[in-house]
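These notes concern the structure reproduced below.
The values are calculated or read from the model by the stated rules, or taken from the named source; none is laboratory data. Only a predicted model underlies this, so the values are computations on that prediction, with no experimental measurement involved. Cβ: placed from backbone, ideal geometry, glycine included. Neighbour counts: every protein chain shown.
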Amino acid sequence: MVLNRGKSAARRGRRQWCVAKRTHPFREIYLLPAAGAGNPGVIHRIPPPHYSRAATQHPLCSGKELACCPYFDYTMREIPQEARDMFFLARYKIATLCRLLILLYLGVIAVHARAEESIELCSRSRLLQQAHARGLSPALLPQQTSPSDTDVLHYSLSLTVQPPDSYLTGKNVMTIRSLRNDLNEFRFQLADSFTITTLQLDGRPISFTRINPVTVQAEFGRAYRAEETFELTVGYEGFTRTEGFGSIVFGVRSSGAPYAYTLSEPWFSYTWWPCKDDNTDKATADITVTVPEGLVVASNGLLRSVESTGQGQTRYHWVHRYPVAPYLISFAVTNYNTWTVNFEHANGTMPVQFFIFPEDDTAEHRAAWEKCVDMLSVFNRIFGTYPFIEEKYGIYQFGFQGGMEHQTMTGQGGFWEGVTAHELAHQWWGDMVTCKTWHDIWLNEGFATYSQALWAENKPGSSGFPALRSTMQLLKPSRVDGSVYCYDISDIGRIFSSSFSYRKAAWVLHQLRHVVGDAPFFAILYEYRNRYRYDSASTEDFIAVAESVYGKSLRWFFDEWVYGIGAPAYRWRWANRQVNGKNYLLLSVEQTQPDTYGVFTMPIDIRATCNGQSWTRAIWNDARTEYYVLPIPAPASSVALDEGGWILATEIQNAPYVPGPPVVVDTAPTPGARVSYGLDQLRVTFHTEVIVSASDFEVRGQRQGVQPFIFQYDPATCTVTLRFLQPLPPDVYTLRVRDTVRAADSGLTLDGEVREAVLPSGDGQPGGDAVVYFSVTLQAHPSPPPPVGRRPRR
């Protein structure tokens, strides 16, 4: 149990236990060492109140919950009646104490709620890692197959519930298209806690086989050809089983009002309705829920009708005509207060509907939720038209203390602005474009998390970039030692890792924006949306879109930031240097992160203040230690590295400057110059005093060959002059400065590489000849203007 799940959590726990007691014997747990766990200790007997505590107190579990701990297996046996009675008495006393503590706790967290709202995420990661994921082996999870042999076109789901009773009666009519010839079976997911009362194919009863506790295989008794369509009707009833984050929950609030709600993500739809649980197979839906009179039903799409059955019940019929992934279908039932406002857009008006508990229906809470209308305007401008503009957007209150982006109808457990922005953004990123597999969950959660920062940057009255930067600092992950891409989807806590799937993933997008630039970044989002609208996409799909829009390879970026682990840490140093009246900023950048993280390649912004004026430049950093010599207009009085906060760095530390390798800062003629006949000398200037000799230089013509010269070096100007015995004949010449040249202060060899005929030379590390090309002609040619400095390499 998580304390901030709400003040009715203790009551709900008792009710759920009583329902379970009707069908299950009262049991206690024995923990045994798991296979391969070594010898974690003796066998532990654990009474029911302490299932989770027993595991978390064991030193090898390191805070893991029982079902998540790799060191134990567990078994159960029935407990005698006397022990049960003692347990319920103790449970009642504990529950009473817990209620008092919860009320005290809620009073404390209310003070901090507003400060936390900007960094509050869906809360699914934090809650799930603290929850007991019961009784489901990864081997039994719904399996996605690619390519699929069927395409579900439509679900017509009818349910009858009477909360707080968790008994459910339902029927689902699935309209399905065959994608291959000789299709004679269909697999769907439905928990074995339900009895299948009807299974019909186009109105004809058929048989089925239960493959495992989750999966049912319908046997057609005939074969369908490709493109044939059929209807599969599943009637079922039974007690629901809650999994995950609360896949279906029944209870009574403190006000006495009964409720029920669903939250199926990632793959727990089977706990309350039969479906093909595959993110790549979206379908439209009709959702009809019959409930006791006085209760209100919130669900996907538009409310088609509300009618009384004449038996003390009301039937709500919701219609959703946009394709939806199964885990995004939901319903919620209680005595909601409702209201509607309008979102005015370029092509008309869309309703925005709200469903709130009466006891929480205050002007402040209404205003908090109604901020989503401004958010719709902002996201419409940034992401494109709201994906479900012909239907609605809605927010309903439920017991999960976070949010869930059910398509067109978000469930929220509170009124935090950050959660409201996050869940609304999911309508684009997660609902319209859905992660193809749970390996790709960052495409849902990272996008929605970054949207919180985009809202802060663009909302009415925002300071703009400072607000973006501030929000991204609040969204820094607490850990970076894992990958954004989720390799292990058997662990739900890892899928919804706050650090990796949410926060670090948001930083992937923030950094990508800086690498490619604002206009290309938002063009990437636009193309990604258009290419995969109402469909699903993988990480590789997104990379392909990004590269096609940007026009250059971004594999280096995604390999290190999505598929790789870690983040960089920087130690940097700077100094001023003046050579022959020209000013240079000397800079070194060292990556100090653990070796297991590897070396990160990133452009890094440098800002210097020169004579009171701001000077900026991006350097390209791709080695453990790199040195830079940057021409600046005047000596720098201050220098900042990544002042804009564009890089997810675990540390940025400034240190005293240590000299680096020498570089060539000037040549006469300049690289690529065309000079007229009469050139009788060359000059090469270094940024620092060097140890140099004639053997470090060579001048060679394509036709004229090696040219002899007289060598002269002036330490005061750091300049070498090569005087020829006669003017150079017309030809194309190569000046080579060998990396045997050394700096007098550091002893490091020349950093000489010259790219794109731009000086200063160098790739940031010692070693490498400087090679400069120029030509001598019989006619005079103006030389190109001197270069400003080295460009970042991409």
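Residues that are surrounded by 18 or more Cβ atoms within 10 Å (Cβ to Cβ), farther than 18 Å from PHE398 by Cα and among the hydrophobic types (A, V, I, L, M, F, W, C): does the range 250-259 have at least one?
Here is the first cut: in the range 250-259, the ones surrounded by 18 or more Cβ atoms within 10 Å (Cβ to Cβ) are 250-251, 253, 257-259.
Narrowing further to those that are farther than 18 Å from PHE398 by Cα: none.
Checking the range 250-259: not a single residue is surrounded by 18 or more Cβ atoms within 10 Å (Cβ to Cβ), farther than 18 Å from PHE398 by Cα and among the hydrophobic types (A, V, I, L, M, F, W, C).
This table checks each residue for (1) at pLDDT below 95; (2) among the small types (Gly, Ala, Ser); (3) within 20 Å of THR449 (Cα to Cα).
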{"site": "ASP481", "(1), (2), (3)": "no, no, yes"}
{"site": "GLY493", "(1), (2), (3)": "yes, yes, yes"}
{"site": "SER498", "(1), (2), (3)": "no, yes, yes"}
{"site": "SER501", "(1), (2), (3)": "no, yes, yes"}
{"site": "VAL515", "(1), (2), (3)": "no, no, yes"}
{"site": "PHE522", "(1), (2), (3)": "no, no, yes"}
{"site": "SER538", "(1), (2), (3)": "no, yes, yes"}
{"site": "ALA546", "(1), (2), (3)": "no, yes, yes"}
{"site": "PRO568", "(1), (2), (3)": "no, no, no"}
| query | For PHE355, are the conditions met, namely being touching a residue at least 12 places away in the same chain (Cβ under 8 Å) and either part of a helix (DSSP H, G or I) or not assigned by TED's automatic domain parsing to the domain that holds ASP278 (or both)? | reply | no
| said: Pull out all pairs, ordered by first then second residue, where Cβ-Cβ is under 8 Å, the residues are six or more apart or on different chains, the first lies in the range 319-344 and is of a type in the set (D, E, K, R), and the second is not in a strand (DSSP E or B). | reply: ARG321/GLY301; ARG321/GLU390; ARG321/GLU391
| query | Restricting attention to the range 424-482, which residues are surrounded by fewer than 24 Cβ atoms within 10 Å (Cβ to Cβ) and charged (D, E, K, R)? | reply | LYS436, GLU457, LYS459, ARG469, LYS476, ARG479, ASP481
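Table: residues versus (1) in the same structural domain as ASN580 (by TED's automatic domain parsing); (2) closer than 19 Å to GLY764 by Cβ.
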residue	(1), (2)
PRO631	yes, yes
LEU641	yes, yes
GLY645	yes, no
PRO659	no, yes
GLN681	no, no
| said: Quick check on the range 693-714. Is at least one of its residues part of a strand (DSSP E or B) and acidic (Asp, Glu)? | reply: yes
| remark: Exception for TYR534 within (1) in contact with a helix residue (DSSP H, G or I) (Cβ under 7 Å, 6 or more places away or on another chain); (2) of a type in the set (Ser, Thr, Tyr); (3) at positive phi falls at (1)
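Could you tell me whether VAL741 is more than 17 Å from ASN580 (Cβ to Cβ), at pLDDT 95 or above, hydrophobic (A, V, I, L, M, F, W, C) and crowded, with 17+ Cβ neighbours inside 10 Å?
Taking the combined requirement at face value, the residue satisfies it.
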| query | Just wondering, is there one or more residues in the range 280-292 that are under 16 Å from GLY411 (Cα atoms) and either surrounded by fewer than 20 Cβ atoms within 10 Å (Cβ to Cβ) or touching a residue at least 24 places away in the same chain (Cβ under 8 Å) (or both)? | reply | no
| message | Residues to consider are PHE194, PHE239, PHE188, PHE230; find the one that is aromatic (Phe, Trp, Tyr), at pLDDT 95 or above and in contact with an Asp or Glu (Cβ under 6 Å, 6 or more places away or on another chain). | response | PHE230
| LEU728 touching a Phe, Trp or Tyr at 6+ places or on another chain (Cβ under 9 Å), outside any strand (DSSP E or B) and at negative phi | yes
| said: Cβ contacts < 7 Å: first residue touching a residue at least 60 places away in the same chain (Cβ under 8 Å) and not assigned by TED's automatic domain parsing to the domain that holds THR175, restricted to the range 227-252; second residue in a strand (DSSP E or B) and buried (at least 19 other Cβ atoms within 10 Å of the Cβ), any location; separation 6+ or different chain. Result? | reply: none
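Say we look at the range 637-684 and pick out the residues that are closer than 30 Å to ARG700 by Cα, in a strand (DSSP E or B) and not aliphatic (A, V, I, L, M); which of these is modelled with the lowest pLDDT?
Taking the range 637-684 as the starting set, the residues that turn out to be closer than 30 Å to ARG700 by Cα are 660-684.
Right, trim to in a strand (DSSP E or B) and you get 664-668, 674-676, 681-684.
When the remaining residues are screened for being not aliphatic (A, V, I, L, M), the result is 666-667, 674, 676, 681, 683.
Numbers: ASP666: 98, THR667: 98, ARG674: 96, SER676: 93, GLN681: 97, ARG683: 98.
That would be SER676.
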| Just checking, how many residues over the range 745-764 are in contact with a Gly (Cβ under 6 Å, 6 or more places away or on another chain) and buried (at least 24 other Cβ atoms within 10 Å of the Cβ)? | 3
| task | Would you point out the residue of the range 595-623, among those that are part of a strand (DSSP E or B) and without any contact (Cβ under 8 Å) to a residue 12 or more places away in the chain, that is nearest to GLY645 (Cα to Cα)? | result | THR616
| request: Among the numbered conditions (1) more than 18 Å from SER264 (Cβ to Cβ); (2) within 21 Å of the chain's Cα centre (by Cα); (3) buried (at least 19 other Cβ atoms within 10 Å of the Cβ), tell me where TYR393 comes up short. | output: (2)
